[in-house]
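Can you keep this structure in mind? I'll have questions shortly.
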Amino acid sequence: MAGNITLTIIKPEAISKNYTGPILNMINQAGFSIAAMKLTKLSSKQAEEFYAVHRDKPFYNDLVEFISSGSIVAAVLEKDNAVEDFRKLIGATNPENAEEGTIRKLYAESLQMNAVHGSDSDENAQIESAFFFARSERADYL
Ligand code: CMP
């Protein structure tokens, strides 16, 4: 249902450090249900498309290179007020500014390697979920 999902990506550096399990545990403990999930790898072209909104930013090329550099976990998370609540759970984009106890404070390495992505609006949550998952790959209740 619109407004009740968000899309997360566990990024390559967090995957390679085996933080996937602890991060998913925090997500469940915070009351989110996993409504779709896959381990995958983005091509450069797919990464460019996913982050197209940042095309004009100085960090765009590095971001595309980084996010396509290794395996990621993409997941659709379901909860009331999912977008806002998930952004609270992950903390500020730059882990140096993230609050204690947030996913980025605990597991992020840097502004770019910030462990997880979270959708920034209900509309983008729908677009980003459709980017990764066919209807048949999502929970029936979505
Ligand atoms: P994410 O939430 O995935 O959305 C866009 C990503 O770009 C962000 O997390 C960071 O990984 C990265 N990012 C945002 N701002 C900067 C910046 N100033 N320098 C480098 N990377 C950035």
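The values are calculated or read from the model by the stated rules, or taken from the named source; none is laboratory data. Just so it is clear, the structure is predicted and the values come from calculations on it, not from any experiment. For neighbour counting, all protein chains shown are included, and Cβ atoms are generated from backbone atoms with ideal geometry for every residue, glycine included. Surface accessibility is based on the protein's heavy atoms, side chains included, excluding ligands, DNA and RNA. Shrake-Rupley method; radii C 1.70, N 1.55, O 1.52, S 1.80 Å.
Using only alpha carbons, build the gyration tensor for the chain and give me the equivalent ellipsoid semi-axes, biggest first, whole Å.
21, 19, 14
For segment 47-120, which whole-number percentage of the solvent-accessible area (1.4 Å probe, protein heavy atoms only) is attributable to carbon and sulfur atoms?
Here carbon and sulfur together make up 44 percent of the probe-accessible area.
So how far, in whole Å, is the C-alpha centre of segment 16-39 from the one of segment 61-90?
Distance between centres, Cα-based: 11 Å.
Assign unit charges at the C-beta atoms only (+1 for Lys and Arg, -1 for Asp and Glu), then state the dipole size of segment 5-134 relative to its Cα centre in Debye, rounded to the nearest 20.
With Lys and Arg at +1 and Asp and Glu at -1, about 400 debye.
Filter the cross-link list Lys45/Lys105; Lys41/Lys79; Lys41/Lys88; Lys11/Lys88 down to pairs whose alpha-carbon distance in this structure exceeds 24 Å. Numbers along the way, then the final one.
Values: Lys45/Lys105 30 Å; Lys41/Lys79 26 Å; Lys41/Lys88 26 Å; Lys11/Lys88 18 Å.
Violating the 24 Å Cα-Cα cut-off are Lys45/Lys105; Lys41/Lys79; Lys41/Lys88.
So what is the calculated 222 nm ellipticity per residue for the chain, using -39500 (n - 2.57) for each DSSP H run with n of 4 or more, over all residues, to the nearest 500 deg cm²/dmol?
After summing the helix terms and dividing by residue count, I get -10500 deg cm²/dmol.
Hey, in the GNM for the chain with a 10 angstrom Cα cutoff, which one of Leu39, Leu89, Leu24 fluctuates hardest?
Result for the chain, Cα springs under 10 Å: Leu39 fluctuates most.
Quick one: order Arg104, Arg55 from most to least accessible surface, probe 1.4 Å.
Arg55, Arg104
May I ask you to work out the translational diffusion coefficient for segment 29-70 at 37 °C, viscosity 0.692 mPa s, via Stokes-Einstein with Rh from the Kirkwood sum over Cα pairs, reported in whole µm²/s?
On the way: Rh = 11.8 Å.
Here the translational diffusion coefficient equals 278 µm²/s.
Under a 1.4 Å probe, what is the accessible area of the chain per residue, stated in Å²?
That works out to 53 Å² per residue.
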